[in-house]
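The values are calculated or read from the model by the stated rules, or taken from the named source; none is laboratory data. Nothing here was measured: the structure is a model prediction, and the numbers come from that model. Quick reminder, even Gly has a Cβ in these numbers, built from the backbone with ideal geometry, and neighbours come from all protein chains shown.
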Amino acid sequence: MKFFIDSANIDQIKEAASYGLLDGVTTNPSLVAKEGRDFIELLNEIVQIVDGPISAEVVSTDYEGILKEARELAKIHKNIVVKIPLIKEGIKAVKTLSSEGIKTNVTLCFSPTQALLAAKAGATYISPFVGRLDDISHVGMDLIEQIVQIYRNYDFETQVLVASIRHPLHVVEAAMMGADVATIPFDVIEKLFKHPLTDIGLEKFLSDWKKLENK
Ligand code: E4P
């Protein structure tokens with residue numbers, strides 16, 4: 001399973017990359033706006049830190065506008081994946097871009113039918129948002145199960161990228177369901193390491209070792 005970080009913060013991306021387990025990065029307009037920095041400049045920095053797929057989202061909502069932005073973003077670096085919203089114009093653009101060899105990540109997916117459309121259009125990734133579904137009392141992970149099954153049934157090459165992850169259990173369930181990628185916020189990546197018994201056990205080992213040293 002691949003781990004991406006869902007962040008546009010350079011310090012977080014650098015720290016997560018330093019663990020040696022980071023396969024890629026996803027950003028979105030809200031995450032970029034939080035940084036208050038020029039988008040292109042930010043992307044140019046990110047591609048130097050992580051050698052893997054870096055999702056950069058378009059803000060146009062019409063077919064021509066999406067294509068123009070996507071082609072410009074794709075020119076920045078070979079690892080840029082253009083993130084496109086799951087709307088009619090977006091799906092049309094994904095079909096065109098995939099025939100040009102431009103990688104796409106179809107975002108804001110909330111249903112299996114939407115995921116089917118993205119796969120048929122030739123999307124590289126589909127991003128179902130599990131946390132936002134949980135927020136409205138729908139079990140987000142059910143959607144992952146459905147999409148993984150549908151894609152398997154037809155050997156679609158589109159990769160399932162679990163997005164809007166809120167806690168480690170989302171990551172565990174995504175892995176058990178066989179999702180290809182989890183894009184994880186920095187605070188959740190940190191939580192993946194944690195177990196109180198590890199801390200207690202280590203403290204005991206080290207204090208016992210000290211006793212031996214003092215003999
Ligand atoms: C996906 O790529 C999005 O950037 C992200 O996962 C959305 O997460 P949120 O629902 O926590 O904003």
**Asked** Wholly within segment 150-215, which helices (runs of 4 or more DSSP H) include no fewer than the required count, namely at least 3 residues that are closer than 18 Å to residue 128 by Cβ?
**Response** 168-177
**Prompt:** Which condition breaks for residue 149 when tested against (1) within 18 Å of the chain's Cα centre (by Cα); (2) farther than 21 Å from residue 29 by Cα?
**Reply:** (1)
**Request:** Among the residues of segment 1-11, count how many are within 15 Å of the ligand (Cβ to nearest atom) and either surrounded by fewer than 14 Cβ atoms within 10 Å (Cβ to Cβ) or part of a loop (DSSP other than H, G, I, E, B) (or both).
**Result:** 3
**Item:** Number of positions in segment 32-64 that are surrounded by 17 or more Cβ atoms within 10 Å (Cβ to Cβ), outside any loop (DSSP other than H, G, I, E, B) and within 16 Å of the ligand (Cβ to nearest atom)
**Value:** 9
**Asked** Looking at (1) farther than 21 Å from residue 16 by Cα; (2) assigned to a helix (DSSP H, G or I); (3) within 15 Å of the ligand (Cβ to nearest atom), which is the only condition residue 108 fails?
**Response** (2)
**Asked** Within segment 65-81, can one find any residue that is under 13 Å from residue 7 (Cβ atoms) and not in a helix (DSSP H, G or I)?
**Response** no
**Request:** Can you work out which of the residues in segment 87-105 that are surrounded by fewer than 22 Cβ atoms within 10 Å (Cβ to Cβ) and closer than 23 Å to residue 4 by Cα is farthest from the ligand (Cβ to nearest atom)?
**Result:** 101
**Given (1) touching a strand residue (DSSP E or B) at 6+ places or on another chain (Cβ under 6 Å); (2) farther than 26 Å from residue 71 by Cβ, index of the condition residue 131 fails** = (1)
**Asked** So which of 213, 157 is more than 14 Å from the chain's Cα centre (by Cα) and modelled with pLDDT of 95 or more?
**Response** 157
**Prompt:** Within segment 186-205, which residues are in contact (Cβ under 8 Å) with a residue 40 or more places away in the chain and surrounded by fewer than 20 Cβ atoms within 10 Å (Cβ to Cβ)?
**Reply:** 186
**Message:** Can you say whether residue 133 is over 23 Å from residue 82 (Cα atoms) and within 15 Å of the ligand (Cβ to nearest atom), as far as the supplied structure shows?
**Reply:** yes
**Asked** With respect to the numbered conditions (1) out of contact with any Leu (no Cβ under 7 Å at 6 or more places or on another chain); (2) more than 16 Å from the ligand (Cβ to nearest atom), which one is the sole condition not fulfilled by residue 179?
**Response** (2)
**Fill in**
Among (1) outside any helix (DSSP H, G or I); (2) over 23 Å from residue 121 (Cβ atoms), residue 14 falls short only on (1)
